[in-house]
Structures are given as C-alpha cells and as structure tokens.
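Here is the structure we will look at.
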Amino acid sequence: MLRSSALSLALGYVALGIVALVLFAAPLWYAWQVTIQDSRTELLQIDAQRLAEVFRRDGAEGAGSFIDARVRMQIAGERILLLTDASLHRKSGNLPAWPSNVPTAPGNYKVRIELGDHGMQTALVHVARLGSYNLLVGRDNALFAPLQTRFWYGLAAAVAILSIAGLMIGLISRRALLTRIDSIRQTVSAIIHGDLKHRLPTHLNDDELNTLSRTINGMLEQIELLVHGVRNVSNSIAHDLRTPLAELRSRLEELALIRPSPEQTFAEIDGAVADVDRVIRIFDALLRLAEIDAGLRRSGFVALDVADLAANAVEFYAPAAELKNIDLALRSDGPVSVSGDPVLLAQALGNLIDNALKYAPVNGSIEVAVRERGDGTVQISVSDNGPGIADAEKSKVMERFYRGDASRGTPGVGLGLSLAQAVAKLHGSALELSNGNPGPRAAITLPVDVTSPFALTATPQETGAGEAIASATLASS
C-alpha cells in the first residue's frame with residue numbers, strides 16, 4: 001500500500017497542504033504577537049497616564065489611595081500596581097516591594113514577578129516617574145494565553161482534518177485506480193494469450209486513464225491489423241511459392257525417372273530455372289516492400305524530372321504495346337522537378353503501365369500523363385480503356401498478393417499495386433484509383449521541387465532508373 005502511486009500522490013498533496021497551512025499561519029501568528037504586544041503597551045501607558053493625572057491632582061496620598069482602591073476592586077492579579085518614594089519604599093499597590101529585576105528608569109520591561117499567592121508571573125511593566133516618586137504599572141502576560149492556546153488547537157485541528165481527509169482520498173483513489181488497472185491487466189493478459197480482439201474498457205468521462213485506454217485501443221487495433229496482414233501475407237507467400245516449387249520438383253522428378261534426351265533435359269532445366277526465378281522475384285519484391293515500409297530508401301532521394309522519367313517508361317513499354325495493337329501515348333506539360341527516388345518511382349510507374357497493358361483490350365489505348373497542378377504538385381497518372389476496378393475491390397487490390405477474379409488468368413503474384421502504393425506513401429502521397437471515362441485511372445501526386453534546377457538534376461540513367469523500368473514487371477499484378 002505504501003508503494004501505491006495514488007496514495008503517495010495523496011500524501012504528497014497532504015504534505016503540501018500542511019506546508020501551505022503553516023506558511024499561512026506563520027504571518028498570522030507574527031501579526032498576532034505584534035498586535036497583542038502593542039495593545040499591552042498601549043493599555044499600560046493609558047493606566048500610567050491616568051495615575052499620573054490623579055497624582056498631579058490629589059498628590060501622593062491621593063494617588064496611593066486611588067491605587068489601593070483599584071487593587072481592591074480588580075480581579076486578583078489582573079493588574080500589577082506599585083507606588084514608591086525616591087528610596088523605593090512602598091507607598092501603595094499589590095507588590096510588597098520594588099522588584100529587583102525592574103530598573104527605575106522610565107520604560108517598558110518584560111520580567112518575571114512574584115505576585116503573592118499567584119506565584120511567579122511573566123508580566124509586561126511600564127515604569128514612570130511622578131516627581132520624586134516611582135510608579136510601576138504592569139499586566140500579566142497570561143491574560144491572552146487562552147486565545148493563543150485556541151489558536152494552536154485550531155491549527156492542529158486543521159492539520160489533523162487535512163491529513164485524515166487526504167488519507168481517505170488517497171485510499172479511495174487507490175481503490176478506484178486498482179479497479180481500473182485490474183480491468184486493464186485482464187485485457188492485456190488476454191491479449192498476451194493470443195486473443196487480439198480484446199480492448200481496454202473505456203468510460204464516458206474523459207480522464208487520463210480513459211485517454212490512455214483509447215490510445216492503447218488504437219494501438220491494439222493497428223497491431224491486430226498488422227498481425228492479420230502478416231498472417232495473410234504468410235499464407236499468400238506459402239500459396240504462391242507452392243506452385244513454382246511444386247512445378248520445379250515435378251520437373252526434376254520427371255528428369256530423374258525418365259532420363260529424357262539432352263534436348264528435352266535442357267528444356268526442362270530452362271523451365272526449372274524459370275520457376276526458381278519466379279520464386280526469387282517474389283522475395284525480391286517483398287524485400288523492396290520491406291525497405292520502403294521501413295523508410296530505408298529515403299537516402300536515394302534526388303531531384304529528378306518526372307516528365308523525362310515517364311518518357312523513358314513509355315519508350316520501354318512501347319514494343320509490348322505494339323504487340324497488342326495498343327496506343328501507348330505520353331501527355332506532358334514539360335519538365336517538372338520533384339524530389340524522390342528515381343528507381344522506385346520508375347518501378348511504380350512501370351507496374352502501373354504493365355497493369356494497364358494486361359487489362360486493356362486489343363486495339364485499345366493507354367495514356368501516361370504528367371500534369372503540373374496549380375497547388376504546387378505534379379500528378380503522374382496512367383489511364384486506359386479497360387474494364388476498370390469494382391468499387392468493392394479498390395481497397396483490396398493494393399493488398400499484398402491480392403488477385404481479383406479478373407486477374408486469375410494473367411501472370412503475376414499480386415504485388416504490383418502494393419509496391420506502387422508503398423512507393424507513393426514513401427514520397428508522402430498515395431495511390432489513387434478511379435474509374436473514369438472510358439476506363440480505370442491510377443495516379444500519384446508529388447510535390448514540385450522548386451529549389452533544384454534541372455541542370456543539377458540526376459537523370460534516370462544516372463540513378464539506375466532505366467534498370468528499374470526494365471525490371472518493373474517482375475512483381476506486378
């Protein structure tokens with residue numbers, strides 16, 4: 001319990017409250033002492049002035065009678081009065097003799113005086129000279145002692161109430177906090193044991209723990225999504241690797257059993273190499289995606305001309321378009337400089353063009369456009385007059401290894417659009433898919449780099465973008 005953060009916090013607040021209470025009471029006590037001292041001095045001076053007037057009016061005998069009368073009428077020990085002659089012989093008053101510890105010089109003194117039956121008392125006395133006579137007027141300091149005692153009792157009671165209230169609040173807060181933490185512990189324990197659907201409980205009140213629970217729930221949702229994604233990718237990898245590996249095993253097993261002619265053997269070896277290349281392409285694509293997701297490829301960012309990059313891509317795919325009698329055209333507003341990785345951008349653009357070539361009809365058309373927009377960005381788009389993508393599949397086609405019904409009979413493993421989306425994300429953008437007129441359109445929007453002149457721009461050939469375009473179809477969907 002002593003290690004409880006709620007109780008420690010409550011006790012800390014109690015300690016701060018007590019310190020604040022003491023700091024508040026200290027000046028009050030000082031003001032009290034000064035006020036009482038001034039009041040006592042003023043009362044003594046008033047008494048002395050009154051007796052001085054009686055002395056001047058009635059003489060020493062009259063003043064002595066007045067003092068004796070006051071002593072008889074007052075409460076015993078309320079005032080200390082003494083009138084002596086020049087030799088300090090007592091004339092009247094309630095003291096038997098002039099106290100030895102009180103000087104005869106006029107002034108105020110704080111001394112201890114023996115007052116008959118009342119014993120020793122600490123008193124404030126005022127000494128005055130009345131001609132050749134000495135006058136001593138005093139008051140017992142214990143007169144205000146009950147008020148001081150009440151002050152200290154009140155301060156002690158305030159400290160006790162503050163301590164008890166703080167302790168009770170700490171215990172209640174600890175119990176409430178432990179209840180919330182226990183529910184969090186149960187949820188986390190369930191997640192540790194593999195149930196990723198559990199979420200931390202939240203309440204209507206938006207306190208610190210509730211905010212933390214919402215943040216952790218968001219993290220758990222992302223973790224669940226990533227775990228399911230990894231699981232799906234693992235299943236997809238296993239499925240897509242099974243086919244080429246099974247074909248490779250079948251070819252090798254057939255070679256071992258039938259021992260064909262050298263020509264047929266070399267043909268089967270070429271097929272086996274193609275199967276191995278297919279497996280390698282899958283792993284290469286996954287490694288590139290992992291590097292992009294980790295942001296490791298940002299070191300390759302340079303200033304480049306996207307119009308020139310698009311022109312190289314169109315030139316590379318022009319022979320493939322001619323084989324299908326497809327019109328592959330480039331629309332560009334001229335040189336536009338951006339900051340990016342030319343190899344990855346070329347690969348992403350190559351995947352988009354390769355997808356368009358797969359699904360565009362014979363004698364169709366594909367347009368690669370580079371258009372500078374008025375908001376300081378440039379958009380690279382690839383559109384064709386193919387069948388397009390259903391709205392329900394637009395979010396799925398960018399998942400890794402996803403292949404829709406329309407792509408079942410086409411080559412690929414379903415990583416092309418995933419790679420393009422990852423490249424766009426690395427460049428602070430996103431792959432936008434839409435169905436326009438007459439067909440589907442894929443676009444990536446990049447910010448224009450106005451600080452880099454084209455004279456210093458790295459060309460695709462200098463950065464290896466040409467090789468990226470040539471290998472863009474390796475993992476396309």
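Separation of region 36-107 and region 18-33 by C-alpha centroid, Å?
36
Compare GLU61, GLU78 by solvent-accessible area with a 1.4 Å probe and give them largest first, with all protein chains kept in place.
If we order GLU61, GLU78 from most to least accessible, we get GLU61, GLU78.
Count neighbours as other Cβ atoms within 10 Å of each site's Cβ, and list the trypsin sites (Lys or Arg not before Pro) in region 133-219 that are DSSP loop with at most 10 such neighbours. Write down the numbers at each step before the final one.
Values: sites: ARG139, ARG150, ARG174, ARG175, ARG180, ARG185, LYS197, ARG199, ARG214; in loops: LYS197, ARG199.
Those satisfying the criteria are LYS197.
Search the structure for amide H atoms under 5 Å from the amide H of GLY439, placed 1.01 Å from N in the peptide plane, and list their residues when 5 or more places away or on another chain.
Counting only residues 5 or more places away or on other chains, the set is ASP384.
Please report, in Å, the Rg and the Dmax of region 5-146, where both are computed over Cα atoms only.
Taking only Cα atoms of region 5-146, I get Rg and Dmax of 21.3, 78 Å.
The values are calculated or read from the model by the stated rules, or taken from the named source; none is laboratory data. A quick note: this is a predicted structure, and the numbers were derived from the prediction, not measured. Because the Cβ atoms are built from the backbone with ideal geometry, glycine has one as well, and the counts that use them run over all protein chains shown. Calculation scope for accessible area: heavy atoms of the full protein, side chains included, ligands and nucleic acids excluded. Shrake-Rupley method; radii C 1.70, N 1.55, O 1.52, S 1.80 Å.
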